[in-house]
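The values are calculated or read from the model by the stated rules, or taken from the named source; none is laboratory data. If you're wondering where the values come from, they're calculated on a predicted model, not measured in any experiment. Note that each Cβ is placed from the backbone with ideal geometry, even for glycine, and that neighbours are counted across all protein chains shown. Surface areas here come from the heavy atoms of the whole protein model, side chains and all, with no ligands, DNA or RNA. Shrake-Rupley method; radii C 1.70, N 1.55, O 1.52, S 1.80 Å.
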Amino acid sequence: MEIISSAILSAFIYTYTTLVPVINPFSGAMFFATLTSHISNSDRAYVAGRISIFSLVVLVVCLFAGHMILGFFGISVGVLRCAGGLVLFAAGWNAMNAPSHDEDKEPPTPLPRSRLKAMAFYPFTLPLTTGPGAIAVTVALGTSLPYTVANLVGTLLAIIATVLTIWICFRYSDRVSRSVGAAGADALARVFAFILICLGVSVFWAGFSDLWLHLGE
């Protein structure tokens with residue numbers, strides 16, 4: 001029993017410490033606050049919950065079938081990174097050029113649940129949260145870890161803990177915006193939108209470099 005518990009704990013620590021730095025929900029929460037500044041607090045909470053659910057589904061699917069799915073469609077990690085980088089760049093560009101939101105304006109009207117679900121999946125779940133890096137790491141975990149009960153339990157628990165971390169960070173991301181006021185929140189939104197553009201370029205360049213190295217093969 002002690003050996004099984006130790007194996008579960010080892011798999012949990014290994015998976016959690018691998019996924020969290022790649023997903024980086026703490027900085028992702030700032031991007032989330034930037035891109036959802038135009039919706040109400042209740043809608044933002046709903047979107048954060050749906051992002052967590054979608055992220056859980058994506059990570060579990062990638063863990064067990066990610067390698068087969070990418071192989072079936074002939075998609076390499078380099079192509080995945082290029083596509084994800086372009087989407088991140090587009091999201092950052094739209095946020096950078098979005099109109100300012102002042103405190104004197106009327107509160108935003110609630111959006112339809114269908115639109116909020118679509119927003120939660122794209123661009124927040126894919127590619128902002130569980131983007132190319134998270135997908136590649138999860139696929140690697142699924143193909144490298146031995147298929148034992150202890151490893152599967154520890155890995156799944158780590159994925160659930162990662163999703164809970166994502167939900168907490170995203171759910172309460174608006175606390176920062178409230179503390180700095182409307183002008184400060186708008187300034188932070190521009191800064192993080194620019195960082196998101198840079199991140200998109202970085203992800204695209206990593207994918208393009210990988211494809212370029214394998215161009216002659």
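At-a-glance table
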{"read-out": "Residue within segment 134-144 that is under 14 Å from SER27 (Cβ atoms) and at pLDDT below 80 present", "value": "no"}
{"read-out": "Scope segment 36-49; condition open to solvent by 30 Å² or more (accessible area, probe 1.4 Å) and within 20 Å of VAL87 (Cβ to Cβ); matching residues", "value": "SER37, HIS38"}
{"read-out": "Any hit, segment 21-33, residues being outside any helix (DSSP H, G or I) and without any contact (Cβ under 8 Å) to a residue 12 or more places away in the chain", "value": "yes"}
{"read-out": "Those residues of segment 1-35 which are open to solvent by 30 Å² or more (accessible area, probe 1.4 Å) and of a type in the set (S, T, N, Q), in sequence order", "value": "SER5, SER6, SER10, THR17, THR18, ASN24, SER27"}
{"read-out": "Qualifying positions in segment 114-151 - hydrophobic (A, V, I, L, M, F, W, C), open to solvent by less than 60 Å² (accessible area, probe 1.4 Å), in contact (Cβ under 8 Å) with a residue 60 or more places away in the chain and part of a helix (DSSP H, G or I)", "value": "LEU116, MET119, ALA120, PHE124, LEU126, LEU128, ALA134, ILE135, VAL137, VAL139, LEU141, ALA150"}
{"read-out": "Yes/no for ALA118 being within 22 Å of the chain's Cα centre (by Cα), modelled with pLDDT of 75 or more and over 22 Å from VAL201 (Cα atoms)", "value": "yes"}
{"read-out": "Yes/no for PHE64 being in a helix (DSSP H, G or I), under 15 Å from GLY200 (Cα atoms) and open to solvent by 70 Å² or more (accessible area, probe 1.4 Å)", "value": "no"}
{"read-out": "Any hit, segment 73-84, residues being over 20 Å from GLY207 (Cβ atoms) and crowded, with 18+ Cβ neighbours inside 10 Å", "value": "no"}
{"read-out": "Hits in segment 79-108 (condition: modelled with pLDDT of 75 or more and assigned to a loop (DSSP other than H, G, I, E, B))", "value": "ASN97"}
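Each row is one residue, and each column tells you yes or no for (1) over 22 Å from ILE23 (Cβ atoms); (2) open to solvent by 30 Å² or more (accessible area, probe 1.4 Å); (3) modelled with pLDDT of 80 or more; (4) touching a Cys at 6+ places or on another chain (Cβ under 9 Å).
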{"position": "ARG171", "(1), (2), (3), (4)": "no, yes, yes, no"}
{"position": "ARG178", "(1), (2), (3), (4)": "yes, yes, no, no"}
{"position": "PHE192", "(1), (2), (3), (4)": "no, yes, no, no"}
{"position": "LEU213", "(1), (2), (3), (4)": "yes, yes, yes, no"}
{"position": "GLU217", "(1), (2), (3), (4)": "yes, yes, no, no"}
